[in-house]
Every structure is written in structure tokens, then in C-alpha cells.
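Since every read-out is calculated from the coordinates, none of them should be taken as a lab result. None of these values were measured; they are calculated from a predicted model. Because the Cβ atoms are built from the backbone with ideal geometry, glycine has one as well, and the counts that use them run over all protein chains shown.
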Amino acid sequence: MKRYPLIFLTAAIIAGCTGENNVTIKGVFSEGREGIVYLDQSEVDRSTVTDSAEINRGRFKFTAEITGPEFFQVRLENGEFIGLLAMPGEDISIEFGKSPLAMNYSLSGSPGSEEIRMLDQQLFTTRTRLDSVRNVYEAITPEELALRGTELEKAFVEIVDAQRKFNIKFIIENISSMASIQALYQRIDENTYVLYQPRDLQYLKIVSDSLSVKYPVSKHVRALKENVTSELNRMYIDRMASLAAQLPATSTTPLLPDTQDRMVSISSLKGKYVLVSFWSTTSQECINELPALKAIYSAYHGKGLEIYQVSLDPDVERWKNVVKFEELPWISVREQDPANPAYARLMNITSVPSNLLYDPEGNVVNSNLFGRNLQIRMDQIFNK
């Protein structure tokens with residue numbers, strides 16, 4: 001048997017391990033292009049430049065060491081970029097066509113990057129279609145808008161909904177792929193997630209659970225798992241803000257009748273923390289919440305907390321009787337048409353009990369805090 005010095009064996013082992021952890025990214029432009037190309041490492045909320053290369057005769061190459069699946073962007077100086085999902089050991093080849101590059105490239109050597117390409121190109125198409133609708137909306141006269149406004153709004157909603165369904169279908173069919181993280185966090189624009197509906201938030205949990213089994217040490221999976229709750233709240237609040245921005249300012253402020261048929265508005269409570277609580281006397285879960293709410297109200301009302309409780313009861317007399325019997329000390333009001341509750345729909349309330357916590361400036365700062373979680377939040381606000 002031929003013997004090798006230990007130092008060479010060690011070097012060979014190290015080289016082999018390093019190669020297994022390397023990903024190679026090569027690109028070629030079909031149209032002559034010069035300049036610098038950048039490799040950014042991507043996370044949910046930011047990208048960091050990790051390397052740069054000069055385009056030489058229309059070609060470039062990067063080599064990066066990674067220990068697990070990683071998201072990258074290949075970015076040009078003009079800001080155009082494409083996304084990649086690389087795995088250790090992959091040799092990724094990219095061929096670019098004309099601008100926009102995001103819609104005119106092909107790649108090989110990376111199944112995950114192909115999934116990212118599919119997601120990004122679908123979103124690019126959706127944004128282009130939405131821009132077309134916006135351009136028509138902004139260009140037509142007020143007279144034309146009166147005739148075509150409903151049609152254009154319907155077209156806009158249908159385009160957004162089609163993108164949402166595409167992402168949901170992708171997640172369901174690729175639940176164990178890291179590309180599902182991309183599908184979760186894509187945005188129509190800076191303020192609007194593709195998965196914007198409250199019931200869509202379940203997909204964060206589903207993807208987190210699935211990927212935690214397959215990639216337990218991935219920083220991307222750990223970040224997703226650790227931030228599921230905060231992301232749910234943020235997406236919920238973003239959606240509310242988006243809805244509010246599309247409606248007249250006056251319609252976003254509940255003005256509802258109390259048990260004495262006096263109209264009470266949330267705007268009259270500005271300067272206080274206000275817990276807007278949606279409930280129904282027919283819900284046992286809502287009834288069970290009342291003792292905890294009474295304790296919180298007793299402890300913090302004198303420090304600046306008000307509760308504005310909105311009933312969705314169809315039977316107005318039953319609601320009034322329960323308020324009286326339970327001796328509820330806070331503001332009790334009722335949607336005037338519980339079968340079509342205007343303010344509950346505006347605030348995206350889909351079930352009871354639900355609540356929103358407003359700060360003294362009228363901003364929503366928390367949603368759906370109950371029991372101990374609500375108590376902790378009150379302590380943070382009033383006992384700091």
C-alpha cells in the first residue's frame with residue numbers, strides 16, 4: 001500500500017470538505033455587457049453584498065462557501081437582479097437575455113433557484129399588469145371614471161387575488177422546499193404582502209413546521225420559526241393600514257350606538273389607550289373573557305385605559321340585557337347591522353372574540369391579545 005505523508009492527507013480532507021460546501025455561480029450575457037456584477041446574500045428583510053466581479057467578455061463567476069441552503073441575488077449596477085436558492089455543492093449556470101433580466105434568463109444546476117425564478121417571474125408579471133390598470137385609472141377623465149371605475153377596481157382585485165392563489169398553490173405543492181419562504185414573504189408593493197388575508201397567516205406556521213424538520217439548523221428556518229408570531233401581527237396590521245388608506249378617513253373611525261342609543265365614537269377617546277373588543281353574547285368564549293377584562297379595566301382604567309366593546313349580536317335586547325346583568329363598566333356599543341357589520345369588516349374582523357389595541361395617537365399597536373398576554377402588555381404600558 002502506498003503511504004502518504006500525514007500533512008497531505010489532512011490537506012486533501014480539508015480541500016474535499018471545502019469543495020462540498022462551495023457553490024459556484026457562473027453567468028453569461030447573450031447581449032454584450034460590461035461593468036460590475038454583485039452577489040448579495042439575502043434574508044427576509046435585508047440583503048448584504050458578499051462579493052463582486054467584473055464582467056469579462058460577457059461572463060462572470062462567483063464561488064461562495066455555504067453550509068446549507070442560502071438565498072442569493074445576482075445584481076447589476078443598474079439595480080436589476082435575479083434571485084437564487086443555492087445548495088452546497090451546486091454548480092449554477094445562468095444565461096441572461098435582454099432587459100428586464102428578471103423575465104429573460106434561464107439557469108441550470110439548481111432546482112431551488114428554478115423555483116425562485118418561477119415565483120419571481122409570476123410576481124413581475126402581476127406587478128406589470130397592476131401598473132397597467134393604475135395607468136388607465138390615472139389617465140381617464142372623471143366622467144370616464146364614473147363609468148369605468150368599478151370595472152377597473154374589479155380588475156385590480158382579480159389580479160391581486162390570482163397572485164395570492166398562485167403563491168398558496170406553490171406553498172402547498174412545495175411545502176418542504178426552502179423556496180416556500182420566498183412565497184410567504186413576497187410583496188405586491190412595499191406595504192402589501194401577496195398573502196395579505198388574515199387566514200393566509202396559517203401558511204407561515206405550516207411552512208415553519210415543515211422546514212424545521214428538514215432543515216433544523218438553517219438560520220432562515222430558525223428566523224421563520226422564531227418570528228412567526230411577530231410576522232402574523234405585522235402582516236395583520238399592514239393589511240389594516242392598507243384598507244384604511246383606501247377609504248375616506250371618517251369611515252375608519254367607529255361611531256356606534258350604546259345601550260342608551262347614544263352615538264359614541266372612538267375618536268372621542270383620543271389621548272387614551274383604547275382596547276376595541278369585538279364580541280357577541282351568544283359566544284361562550286366571549287362570555288368567558290369578561291372576568292379578565294373586568295380585572296384589567298379595574299386595574300388600568302384610572303391610568304388611561306378605555307375599553308370600547310363592539311357587539312355583533314343580532315338581538316339588540318339580548319345584548320342590552322347581558323350588558324346590564326354583567327354590569328359591564330366600559331363603553332358598550334353595537335354594530336347597527338350585525339348581518340353586515342361595517343366596522344368589523346373594515347377592521348378585518350372575521351371571528352369573535354377579537355380585539356385591537358390603539359395607542360393615544362390612534363395607531364393600532366397590538367391585535368388579539370387575551371388573558372395573560374393582554375395582562376403582560378398592560379403591565380408593559382402602565383407599570384414601566
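Remark: relative contact order (the range 306-384) = 21 percent; criterion is Cα-Cα distance under 8 angstrom and separation of 6 or more residues.
Taking the Cα centre of the chain as origin and charging only Cβ (+1 Lys, Arg; -1 Asp, Glu), how large is the dipole, in debye to the nearest 20?
Charge dipole, the chain, about its Cα centre: 840 debye, nearest 20.
For the range 298-384, applying the loop criterion from DSSP together with a ceiling of 10 other beta carbons within 10 Å to the GluC sites (Glu not before Pro) yields Glu327, Glu361. D by Stokes-Einstein for the chain, Kirkwood Rh over Cα pairs, 37 °C, 0.692 mPa s: 132 µm²/s.
Fully extending the segment from Leu346 to Arg57, taken as 0.36 nm per residue of separation minus the present Cα-Cα distance, adds 98.4 nm.
Note on the range 255-382: semi-axes of the ellipsoid equivalent to its C-alpha gyration tensor, largest first and rounded to whole Å, are 21, 16, 14. Within the straight-line cut-off of under 27 Å between alpha carbons, the lysines reachable from Lys98 are Lys26, Lys61, sequence neighbours fewer than 8 places apart in one chain being disregarded. Rounded to the nearest 500, the 222 nm mean residue ellipticity of the chain from helices alone is -14500 deg cm²/dmol, with -39,500 (n - 2.57) taken per DSSP H run of at least 4 residues. Were the residues from Ile36 through Glu158 laid out at 0.36 nm apart, the gain over their Cα-Cα distance would be 40.0 nm.
List every DSSP H helix in the chain whose Cα atoms extend 20 Å or more along the helix's own long axis and whose mean Kyte-Doolittle hydropathy is at least 1.0. Before the final figure, lay out each step's value.
Working: long enough: 6-20 (21 Å, 1.74); 111-139 (42 Å, -0.77); 142-173 (46 Å, -0.10); 228-245 (26 Å, 0.13); 284-300 (25 Å, 0.09).
Going by DSSP H runs, the hits are 6-20.
Label sites at Phe370 and Lys214, each approximated as a point 7 angstrom past Cα along Cα to Cβ, lie 3.3 nm apart.
Straight-line cross-link reach from Lys205 at under 20 Å between alpha-carbon atoms covers these aspartates and glutamates, not counting any fewer than eight positions away in the same chain: Glu43, Asp45, Glu173, Glu226, Glu231, Asp238. Near Gly89, the amide H atoms lying under 5 Å from its own belong to Asn22, Val23; only residues 5 or more places off or on other chains count, and H is placed 1.01 Å from N. Pull up the cross-link candidates among the lysines for Lys272, meaning alpha carbon to alpha carbon under 18 Å and not fewer than 8 places away within one chain. By straight Cα distance, Lys272 reaches Lys294, Lys303, Lys384. Summary of packing: across the peptides 188-197, 138-147, the per-residue average of other C-beta atoms within 10 Å ranks them, highest first, as 188-197, 138-147.
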